[in-house]
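Visitor: Attaching a single structure in structure tokens format; questions to follow.
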Amino acid sequence: MLTYTMRRLALAVPTLLLISLIVFLLLELAPGDPMAQMPLTIPPEVREQMRIALGLGEPWYVRYVAWLHMVFVVEPSHMLAAATGVDLAAEGSRLLSWQSRAPVAEIIAQRLPQTLWVVGLSYLFGILVAVPLGVASARRPHSWLDTIGTFIAMAGFSVPTFFTGVLLIVIFSVTLGWLPSMYDTTLEVTDWDSLRRQAAQLAMPVTVLALYNAAQISRYVRAATLDNLAQDYVRAVRARGMSERAVLYLHVLRNAMIPVVTVIALGVPNIFAGAIITEQIFRVNGIGELLISAIHANDIPMVQTLTFLFAVLIVLFNLLADILYGMLDPRIRYD
Amino acid sequence: MTDAAALLPLRSQWRPVWERLRGNRAALAGAALFAGLLVFVSIGPILWMVDPWAIDPDNRNQGPSLGHPLGTDQLGRDLLARLMVGGRITLAVGVMAMLIGVGLGTLVGVMAGYFRRLDGVLMRLTDLFLALPMLPILLVLVLLFREALAARLGEATGIFLLVVGAIGLTSWMHTARIVRADVMTLKERDFITAAQAIGTPPRRIITRHVLPNVLSPVIVSATLGVAGAIMIESALSFLGMGFPPDVPTWGRMVHDAVDYLQQFPGRVLWPGAFISLTVLSVNYLGDGLRAALDPRGI
């Protein structure tokens, strides 16, 4: 298992390097000029100096290596230094956002908590809904409960998140006036009232994503439970006179969760991508919103770093899913 | 009598599939709904001859009336007419992007499955594409090439080709994997070996023997691919990175209506409902087709 993990980790490095190269080169083609928003009164030679100051004078491979150095060495070392208080910061200039002239890593660090709250809570609630729903559907296939469960899953899968979000705003903000339609990041949770307000503003974005997650996961729970219910060990357990509850929750569910756990791990990068849209609807200033605003502003270092961050998530969670599968299911042997 | 008996197996190839599909009420409802939507967008503009681009400042933000059954938008344009024209574009994007994605996926899948030498390279490529964060990449692609293509081919055509191409190029991987797996098992079958033994060139084996036998997963992929492409297109348009404001796709209409959400919440519901119904019906149909085409089908 350990050798397999090490081998997979080693394989992830060239994949990530290749992806970083693709992301970098794609944005190199960008026609947008970071100088476009500067006043036209700046003389051409000064403009050229500013371009060089931004690092645009070098050929692309020099800038690619410099970017890699900044993403993998300089920025992590600064983050580590800030977290531990020890002066570990590596030499070299930091990766700056063209939009705000602040280090990219710091802006992302500011934005990340909001995204993590929305994404994390929605995934948690999604799983909490999906598992009972899937098990109940599988217990009586083709019953009315199963049909409704299938419909909910299909609808959650087919209705775009931007429409569910807008629908919730129309119902709960515009018509009923219960929940705020915009997320207020300045809100600090200090007492019960602010906690209630925080819960109210998280309610809709989390519901939208949770519904989408529950739809996907419940299908896998259903399929895995059905698969297991047909196995011999279930018959053996039933023959020993165990109650149906015990059969389901002590034996079947535990086995059924093996593929489900990997699906849950594989789905994590997807919901970060889904958060891009959800954050846009509810004006949550997380990393998704950051990406969209950076794209609109031609802030290339920011877009490159964020896109690469999404790719890192995909590769990491794919790896995690494979390792989890091997750990949970002793029948799987990679070596 | 004997003639009919000889013809029977030929005719009945698709019959069991149809019988199974007919038994699946959800899939039939999906097919009927999708057919209805197709009629709505194709015949609708012929019957409802209101110009979807006609700006009427005196009748802005109207509610439903006889002249405008679904009301008008912030420029006084008829919502029903826009829904019909927008649906044409949305569905066209969905189908075209699916054709590119499924075509590419089938090509890669057959090549990788049939030619062992290509397998490693093509599957690494597939893995690489699967590891790319699609939504950010699509947003970047649209951002990069929108201006250039719009300048060369005109605003609407340029964006259409760009969106269709970008979605198609980023959605072929799952088809490729399924087709490859099917081709690899097919290759071990006796009839392929027989065809190889009598010297049939690979090109003809693929077109005559392999492709017809991987049709089932391709059909299912194609159906679900339409739904996926419509989802992505409307998400791009919703984020303002798809079609320009004067091209009314359903996603773009939701995007425009969101600004008026507080005053006119009804306006966002129609295009959103149409996207949801289209994707839902196509998904139900695809699911039913998958069950019907699976020989082990229950």
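The values are calculated or read from the model by the stated rules, or taken from the named source; none is laboratory data. This structure is a prediction, so every number in the text was calculated from the model and none was measured. Glycine gets a Cβ as well: all are built from the backbone with ideal geometry, and neighbour counts include every protein chain shown. Just so you know, the surface numbers come from the protein's heavy atoms only, side chains and all, with ligands and any DNA or RNA stripped out. Shrake-Rupley method; radii C 1.70, N 1.55, O 1.52, S 1.80 Å.
Visitor: Nearest 100 Å² is fine: how much accessible area is buried between B and A, summed over both sides, with a 1.4 Å probe?
Guide: In total, chains B and A hide about 3400 Å² from solvent.
Visitor: At what distance in nm do the modelled label points of A:LEU187 and A:ARG7 sit from each other, each positioned 7 Å from its Cα along Cα→Cβ?
Guide: It is 5.0 nm.
Visitor: May I ask you to give the solvent-accessible area per residue for the protein assembly as shown, in square angstrom, as obtained with a 1.4 angstrom probe?
Guide: Counting only protein heavy atoms, the per-residue value for the protein assembly as shown is 50 Å².
Visitor: Could you compute the net charge surrounding A:PHE282? Neighbours are other residues with a C-beta less than 14 Å from the C-beta of A:PHE282; K and R count +1, D and E count -1.
Guide: Result for the local shell: -2.
Visitor: Another one. Please work out the Cα convex hull volume for the stretch A:147-278 and give it in Å³ per residue.
Guide: Spread over its residues, the Cα hull of the stretch A:147-278 gives 160 Å³ apiece.
Visitor: Around B:LEU261, which amide H atoms from residues at least 5 apart in sequence, or from another chain, sit under 5 Å from its own amide H, with H modelled in the peptide plane?
Guide: Residues meeting the criterion, in which the H sits 1.01 Å from N, do not exist here.
Visitor: Hey, rough spin-label estimate for A:VAL62 and B:ARG152, points 7 angstrom out along Cα→Cβ, what's it come to in nanometres?
Guide: In this crude label model, A:VAL62 to B:ARG152 measures out at 3.0 nm.
Visitor: I need the semi-axes of the equivalent ellipsoid of the stretch A:50-185: take the C-alpha gyration tensor, multiply each eigenvalue by 5, square-root it, list largest first in whole angstrom.
Guide: Over the Cα atoms of the stretch A:50-185, the semi-axes work out to 46, 20, 17 Å.
Visitor: Angle between the Cα long axis of helix A:44-53 and the longest principal axis of chain A, 0 to 90 degrees, nearest 10?
Guide: 50
Visitor: Still on this structure, I have one more. Looking at chain B from every direction and averaging, what is the projected area of its Cα convex hull in nm²?
Guide: 20.9
Visitor: Over all directions, average the projected area of the Cα convex hull of the stretch A:110-186 and note it in nm².
Guide: 6.7
Visitor: Quick check: with the 1.4 Å probe, what order do B:GLU147, B:GLU155 take by accessible area, largest first?
Guide: B:GLU147, B:GLU155
Visitor: Would you work out what percent of the accessible area of chain A, with all protein chains in place, is carbon or sulfur (probe 1.4 Å)?
Guide: 66
Visitor: Once the Cα gyration tensor of the stretch B:123-205 is found, what semi-axes does its equivalent ellipsoid get, as square roots of 5 times the eigenvalues, in whole Å, sorted largest first?
Guide: Ellipsoid half-lengths, sorted descending, are 39, 17, 8 Å.
Visitor: How compact is the protein assembly as shown by the rule of thumb for globular proteins, expressed as Cα Rg over 2.2 N^0.38 Å?
Guide: After normalising by residue count via 2.2 N^0.38 Å, the value is 1.05.
Visitor: Kirkwood hydrodynamic radius, the stretch A:230-287, all distinct C-alpha pairs: what's the number in Å?
Guide: One decimal place: 14.4 Å for the Kirkwood radius.
Visitor: May I ask for the net charge around A:VAL315, where only other residues with Cβ less than 13 Å from the Cβ of A:VAL315 are counted and Lys, Arg are +1 while Asp, Glu are -1?
Guide: Net charge in that neighbourhood comes out at -1.
Visitor: Under 5 Å between amide hydrogens, which residues at least 5 positions from A:LEU96 or on another chain qualify, with H placed 1.01 Å from N in the peptide plane?
Guide: Here the answer is A:VAL104, since their amide H atoms fall under 5 Å of that of A:LEU96.
Visitor: A further question follows. With a 1.4 Å probe and every protein chain kept in, tell me what percent of the accessible surface of chain B is carbon plus sulfur.
Guide: C and S fraction of accessible area: 65 percent.
Visitor: Using a 7 Å offset from the Cα along the Cα-to-Cβ direction at both A:ARG94 and A:MET242, what is the distance between the two label points in nm, to one decimal?
Guide: About 5.6 nm separates the two model spin labels.
Visitor: Quick check: net charge around A:THR262, other residues with Cβ under 10 Å of its Cβ, Lys/Arg +1 and Asp/Glu -1?
Guide: -2
Visitor: In degrees between 0 and 90, to the nearest 10, how far off the longest principal axis of chain A does helix A:104-139 point, with axes built from Cα atoms?
Guide: The two axes meet at around 10 degrees.
Visitor: Let me ask something else. Calculated FRET efficiency, B:LEU215 and A:THR147, Cβ-Cβ r, R0 45 Å, to nearest 0.05?
Guide: The formula returns an efficiency of 0.90 here.
Visitor: Same structure again: Working from Cα positions, state the angle (0 to 90°, nearest 10) between the long axis of helix A:2-28 and the longest principal axis of chain A.
Guide: Its long axis makes an angle of about 50 degrees.
Visitor: Taking all pairs of distinct Cα atoms, average 1/r, flip it, and tell me the Kirkwood hydrodynamic radius of chain A in Å to one decimal place.
Guide: By the Kirkwood definition, the hydrodynamic radius is 23.2 Å.
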